[in-house]
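The values are calculated or read from the model by the stated rules, or taken from the named source; none is laboratory data. Fair warning: this is a prediction, and the values are worked out from it, not measured in the lab. Using ideal geometry, Cβ is built from the backbone for each residue, glycine included, and neighbour counts are taken over all protein chains shown.
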């Protein structure tokens, strides 16, 4: 039986607003082309995509006692996802995402991620004994878990998202992880940043570039490039990075070569943007394997 992946942090309820263009900083009345509420955030996205690929997940997150918290609980109800929930007194994390037709996004954290003083980590510590790998997302509440997670001996992966190469907030996650994903959005020289991270003893670094694909650097200094997969139409880019991460990780756990993992990530990300949901209804292990094979041939 496949061991679960432990994912720590990141579930929100988001209001998605689609606009022809992102708004200029001036008073105006805007008529969106579409708006809806949906499950969001990086831990939920990774959990649902991995579960769609038949990879068991144990997901720890913080949820409030409000309606939004219950909506997230309902959205995470999946036979391959075991949720370890810490209930908070404050409101559940909520975002408003403004989306332009070319896939750009402005995220407003109208209810920021909660950071309670005390977390009951015992259920998570117990879960480490049955998991093969842990993904720690860069939330404030997850930072205190890093020392004992390192002691647990599991491989630690993290996703720095739009890291700028200098922000000290990310440093504890960088220090703890052996595999790092990040975006080139805020990096003037993403290759230099990747080389710096490899110099800190990481196994490999993956940098995504949205519609421009992704780049991987190994500890041996080998560079790999993966173009983005073409899609008929982009519906919603929310969660595409987490879908890429999940497809890559799934193939990695199946024993795939890094080039194949990149391909699986690109396919998963491409499927994601053709759907409003965090996980494409078209994503499953059989389809991903078939598409990987057809791309390779």
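Are any residues in the stretch 109-139 at pLDDT below 95, within 18 Å of the chain's Cα centre (by Cα) and not in a loop (DSSP other than H, G, I, E, B), and if so, which ones?
Listed by number, the list holds a single entry, 109.
For the stretch 146-176, enumerate the residues that are surrounded by 12 or more Cβ atoms within 10 Å (Cβ to Cβ) and at positive phi.
Scanning the stretch 146-176 gives 161, 165.
Got at least one residue in the stretch 55-64 being modelled with pLDDT under 95 and not in a strand (DSSP E or B)?
Looking for residues that are modelled with pLDDT under 95 and not in a strand (DSSP E or B), one finds none in the stretch 55-64, hence no.
Can you find a residue in the stretch 189-209 that is in a strand (DSSP E or B), surrounded by fewer than 19 Cβ atoms within 10 Å (Cβ to Cβ), modelled with pLDDT of 95 or more and in contact with a strand residue (DSSP E or B) (Cβ under 6 Å, 6 or more places away or on another chain)?
no
Within the stretch 78-95, can you find the residues that are surrounded by fewer than 15 Cβ atoms within 10 Å (Cβ to Cβ) and modelled with pLDDT of 95 or more?
79
Scan the stretch 254-279 for residues that are assigned to a loop (DSSP other than H, G, I, E, B) and crowded, with 24+ Cβ neighbours inside 10 Å and jot them down. Give the derivation first.
Applying the first criterion (assigned to a loop (DSSP other than H, G, I, E, B)) to the stretch 254-279 yields 254-257, 273-279.
Hits for the stretch 254-279 are 278, 279.
Which residues, taken from the stretch 224-233, are in contact (Cβ under 8 Å) with a residue 24 or more places away in the chain, surrounded by fewer than 18 Cβ atoms within 10 Å (Cβ to Cβ) and touching a strand residue (DSSP E or B) at 6+ places or on another chain (Cβ under 8 Å)?
Answer for the stretch 224-233, where residues must be in contact (Cβ under 8 Å) with a residue 24 or more places away in the chain, surrounded by fewer than 18 Cβ atoms within 10 Å (Cβ to Cβ) and touching a strand residue (DSSP E or B) at 6+ places or on another chain (Cβ under 8 Å): just 224.
In the stretch 1-50, which residues are surrounded by fewer than 24 Cβ atoms within 10 Å (Cβ to Cβ), part of a strand (DSSP E or B) and in contact with a helix residue (DSSP H, G or I) (Cβ under 6 Å, 6 or more places away or on another chain)?
39
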